[in-house]
Structures are given as structure tokens and as C-alpha cells.
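Report on the following structure.
The values are calculated or read from the model by the stated rules, or taken from the named source; none is laboratory data. Because the structure is a prediction, the values reported are computed rather than measured. Ideal geometry is used to build each Cβ from the backbone, glycine not excepted, and the neighbour counts take in all protein chains shown.
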Amino acid sequence: MSVRESDRFQYLQALVTEFQDTDSVEAKEQVLANLANFAYEPRNFSDLRKLQVADLFLDMLTEDNETLVEFGIGGLCNLCLDKTNKSYILDSGGVKLVINCLSSQREETVLSALTTLMYLCTAASRADITTPAVVECMVRFSISTNRRIRNLATIFLEDYCSDKQVQEAKELSQHSALGIPLPEMPHPTNAS
């Protein structure tokens, strides 16, 4: 391990320690945002695994603080591009936690959850990710006035769901929602 790599690990370790030790909500939010940004860089994956940052991100998905949830799902989204991290997230029950983020009122949280589900989709996890409730939610998202959510949901439906699943979800959505409430987000000016 070079000096730079050692310094980077020590810095990441200091961030994790600060997150665990502080009582300040604002400090937790800032540290979590920093960790999520570091999770974007593949060279940090090994250090983040050693520091169990995936567990930290997963834990944040059940918080009442929407900012912590947003940064937690953003960090997971960044981490799950790596096969080892993806397997760990799947084995840790991450799919259910990510699905729960689809009903967030925050656009960035929903976008990260959509993207994370696509990244986590494997032959083994596809059935857990493309449940009738999730597909029906994606059908509703695919007609959203929010262009970013609409586009991601459309990709999800086209790339990860069978025509039969989509058709069944469309039929179900005409009668009733299956339990994933749609977020009521403010309409951004670039929504069309």
C-alpha cells in the first residue's frame, strides 16, 4: 500500500468514525454525502468494504431523516457497480430497502433507487426486483410528468421486465395500486 493509498484509507476511516461519533445531524449528513461521493470512485471500493460503508449506507435507508436516506441510497447506487459490493448488498437484504425508497418524496432518492435496482438486477435477483408491485410502480412512473423519473422507469420496463409483466402491471394499475405509493414531488421547471 503506497503512502497515498494509506492516507486515503485513513481519511475514509476518519469520516466513518466522525459519522459514528457525532451527535450533529448536519455533520452526519455532510459526512454521509462525502462517503457517497467516495463510493463513486472504483479505487475506493476495497477501502470502503474494509470500513463496512455498505452497511452504513443500508442502515441509512430506514432513517426518518430524508437527507440521510438520499445520501445512503446515492452511496449504494455508486457502490453496486462493483460485483463484490453488488453481491454483498443483495445478500444483506438490500433489494427490499431500495424498493422502499421508491416512495420517497425526494426526486434524487427515487432516481437513485431506480438506478440501484437496475444495477442490482442479476439472473438470481431479477424475481425479487421485478415483483408485480415494483413493475406496477414503474408503469406509473413511466407516465410521470417528471422526465427523469419517466425515462428511467421506461428503461427499467424495457430492459428488466417481460412484456407479460408490463401488461399485467398495466391492467392492475387500472384497478388499484399495489402498495408502493408514488411520491408527490414538486414539479421542476424542466419536467417536460
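Using the structure shown, decide if Ile73 is over 12 Å from the mean Cα position of the chain (by Cα), closer than 23 Å to Phe156 by Cβ and either surrounded by 18 or more Cβ atoms within 10 Å (Cβ to Cβ) or free of Cβ contacts under 8 Å to residues at least 24 places away in the same chain (or both). Judged against the criteria, Ile73 is not a match.
Note on the range 94-129: among residues that are among the polar types (S, T, N, Q) and touching a Leu at 6+ places or on another chain (Cβ under 6 Å), the one that is surrounded by the fewest Cβ atoms within 10 Å (Cβ to Cβ) is Ser125.
The condition of being free of Cβ contacts under 8 Å to residues at least 12 places away in the same chain, assigned by TED's automatic domain parsing to the domain that holds Gly75, farther than 20 Å from Gly94 by Cα and not hydroxyl-bearing (Ser, Thr, Tyr) holds for Asp7. How many residues, within the range 130-141, are within 29 Å of Tyr40 (Cβ to Cβ) and surrounded by fewer than 20 Cβ atoms within 10 Å (Cβ to Cβ)? The total comes to 1. Of the residues making up the range 1-44, those that are of a type in the set (D, E, K, R) and within 18 Å of Leu81 (Cα to Cα) number 2.
Summed over the range 59-68, the residues that are part of a helix (DSSP H, G or I) and either touching a residue at least 40 places away in the same chain (Cβ under 8 Å) or within 13 Å of Leu35 (Cα to Cα) (or both) give a count of 3. Of all residues in the range 69-88, those satisfying the criterion of being closer than 13 Å to Ser112 by Cβ and assigned to a helix (DSSP H, G or I) are Val69, Glu70, Phe71, Gly72, Ile73, Gly74, Gly75, Leu76, Cys77, Asn78, Leu79.
Restricting to the range 1-58, give me the number of residues that are outside any helix (DSSP H, G or I), hydrophobic (A, V, I, L, M, F, W, C) and surrounded by 12 or more Cβ atoms within 10 Å (Cβ to Cβ). Residues meeting the conditions: 2.
Of the helices (runs of 4 or more DSSP H) lying entirely inside the range 93-155, the ones with 1 or more residues being touching a residue at least 40 places away in the same chain (Cβ under 8 Å) and of a type in the set (Lys, Arg) are found at 132-141. How many residues are of a type in the set (Lys, Arg) and over 20 Å from Ile89 (Cβ atoms) if we restrict to the range 11-58? Total meeting the criteria: 1. Within the bounds of the range 159-171, is there any residue that is at pLDDT 60 or above, of a type outside the set (A, V, I, L, M), under 22 Å from the mean Cα position of the chain (by Cα) and not in a loop (DSSP other than H, G, I, E, B)? Taking every residue of the range 159-171 in turn, at least one turns out to be at pLDDT 60 or above, of a type outside the set (A, V, I, L, M), under 22 Å from the mean Cα position of the chain (by Cα) and not in a loop (DSSP other than H, G, I, E, B).
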